Amino acid sequence: MASRRYFYATFCCLILLGSWCASEEELDNVLDGKSSRSANFIEIHHHFLRSPEILLVKTVRDSLQCAQHCLVIKKCRSFNFGLEADNNGKHLCQLLPWNKFQHSGRYEPSSAFHHYRIASVCENDPCQYGSKCIAEHRIMGYECQCPPQQIGDICQFKVPLWLKVNTREVCFGARNDSFGSFRMQFSGKITSMRLVHLSGNVTCYSTQPNDYSYWGCKRNDRLRTIVTDSRNSRVFPSQTNLPRFYQLHGIKSYSEKLTFYNLTIPLKVGIHQEFRVWYIEDFRNDSESDNDGKTCADVYALYV
Ligand SMILES: [Ca+2]
Ligand SMILES: [Ca+2]
């Protein structure tokens, strides 16, 4: 059975300066002089990857020096290290752009080589429900490619599902362009959004402060809160001719939840995409000077 162990290697320009200078044709492919790169390598004794492409062949004094050469080359994912030394005590070092996961049929036992690959976070199977893990070696991160009915950074959520999308409370005022903004925590497709009241209230007529409302002006069924994208194009509610107020069945201006259910075509959203919550008069710059107050809310989206 092949033995396996880990070792840590790092490259910075100073370590290799003098031992190897990149040739001109190699320059596009190597880290610049200000960069550094580190990685954990997994060592598999007596194995060899017959890679369809070899980035570079060097002779080196030991496997650590081969690992350092691998780190210099951006595309390098693994290397074969020859066990037999030449007359100068140097070993063969083949730098490869692939690892055994991409070419498992070419990974084989060998009496002449040990094989080393950069440890991938994908080896721990972080992506759920059989979704595909794509390793990003330069930052040692990864990305999960989710099947259609799942979302989340590790595809952990099955849709349809309401998810809270703001990380801190979203507060909007009623004048002076005091919209509240938030960024989506998950990419996917949404059809609905829901604002859940946390604190505060707003009014369109502060000279008569007896009334209060979370989403409108007075305590009635006229709603005056909208959601736009970062370019201030309205997303919710989706009706095309926006009056100074609108109505939604069963929802009052002081209801705890303001739910928009009106996207027939799902809206594709990206992770960290910005949306804004506006008071309508403030958005329209229309009769906002006598407005007052501030409402804070959490935001949920229905992913489908
Ligand atoms: Ca007003
Ligand atoms: Ca305004």
Open item on the list: Restricting to segment 173-202, and then to whatever is within 19 Å of Arg219 (Cβ to Cβ) and within 16 Å of ligand 2 (Cβ to nearest atom), can you tell me which residue is nearest to the chain's Cα centre (by Cα)?
Closed with: Ala174
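A quick yes/no check of all residues on (1) over 24 Å from the mean Cα position of the chain (by Cα); (2) touching a residue at least 24 places away in the same chain (Cβ under 8 Å); (3) not in a strand (DSSP E or B):
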{"residue": "Ser51", "(1), (2), (3)": "yes, yes, yes"}
{"residue": "Cys66", "(1), (2), (3)": "yes, yes, yes"}
{"residue": "Asp86", "(1), (2), (3)": "yes, yes, yes"}
{"residue": "Gly89", "(1), (2), (3)": "yes, yes, yes"}
{"residue": "Glu108", "(1), (2), (3)": "yes, yes, no"}
{"residue": "His114", "(1), (2), (3)": "yes, yes, no"}
{"residue": "Gln128", "(1), (2), (3)": "no, yes, yes"}
{"residue": "Ala135", "(1), (2), (3)": "no, no, no"}
Open item on the list: Just to be sure I understand, how many residues within segment 186-221 are of a type outside the set (Asp, Glu) and part of a loop (DSSP other than H, G, I, E, B)?
Closed with: 16
Task: Count of segment 203-226 residues which are within 16 Å of ligand 2 (Cβ to nearest atom) and at pLDDT 95 or above - done: 3
TODO: Enumerate the pairs (first residue in segment 166-177 and within 12 Å of ligand 1 (Cβ to nearest atom); second residue anywhere and assigned to a strand (DSSP E or B) and of a type outside the set (A, V, I, L, M, F, W, C)) with beta-carbon separation below 8 Å, excluding pairs fewer than 6 apart on the same chain, so at least 6 apart or on different chains.
DONE: Ala174/Thr203; Ala174/Tyr279; Ala174/Asp292; Ala174/Gly293; Ala174/Lys294; Arg175/Tyr279; Arg175/Asp292
- [ ] Looking at (1) more than 24 Å from Leu163 (Cβ to Cβ); (2) away from ligand 1 (no atom under 16 Å from the Cβ); (3) crowded, with 18+ Cβ neighbours inside 10 Å, find the lone condition where Ser213 falls short.
- [x] (2)
TODO: Name, by its number, the condition in (1) within 16 Å of ligand 1 (Cβ to nearest atom); (2) exposed (fewer than 14 other Cβ atoms within 10 Å of the Cβ) that does not hold for Ile265.
DONE: (1)
- [ ] Please go through segment 101-134 and pick out each residue that is under 26 Å from Leu64 (Cα atoms), buried (at least 19 other Cβ atoms within 10 Å of the Cβ) and in contact with a Ser or Thr (Cβ under 9 Å, 6 or more places away or on another chain).
- [x] His114, His115, Tyr116, Arg117, Ile118
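Which of the residues spanning segment 247-300 are away from ligand 2 (no atom under 16 Å from the Cβ) and touching a Gly at 6+ places or on another chain (Cβ under 6 Å)? Steps first, answer last, please.
Let us first name the residues in segment 247-300 that are away from ligand 2 (no atom under 16 Å from the Cβ), namely 247-275, 296-300.
Result: Ser253, Cys296.
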TODO: Tell me which of these Val30 doesn't satisfy, since it passes every other one: (1) farther than 19 Å from Ile118 by Cα; (2) β-branched (Val, Ile, Thr); (3) at pLDDT below 90.
DONE: (1)
Open item on the list: I'd like the full set of residues that are surrounded by fewer than 21 Cβ atoms within 10 Å (Cβ to Cβ) and within 9 Å of ligand 1 (Cβ to nearest atom), limited to segment 282-291.
Closed with: Asp286, Ser287, Glu288, Ser289, Asp290
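The values are calculated or read from the model by the stated rules, or taken from the named source; none is laboratory data. Since we're looking at a predicted model, the values are computed, not measured. In this analysis, Cβ positions are derived from the backbone assuming ideal geometry, glycine residues included, and neighbour counts consider all displayed protein chains.
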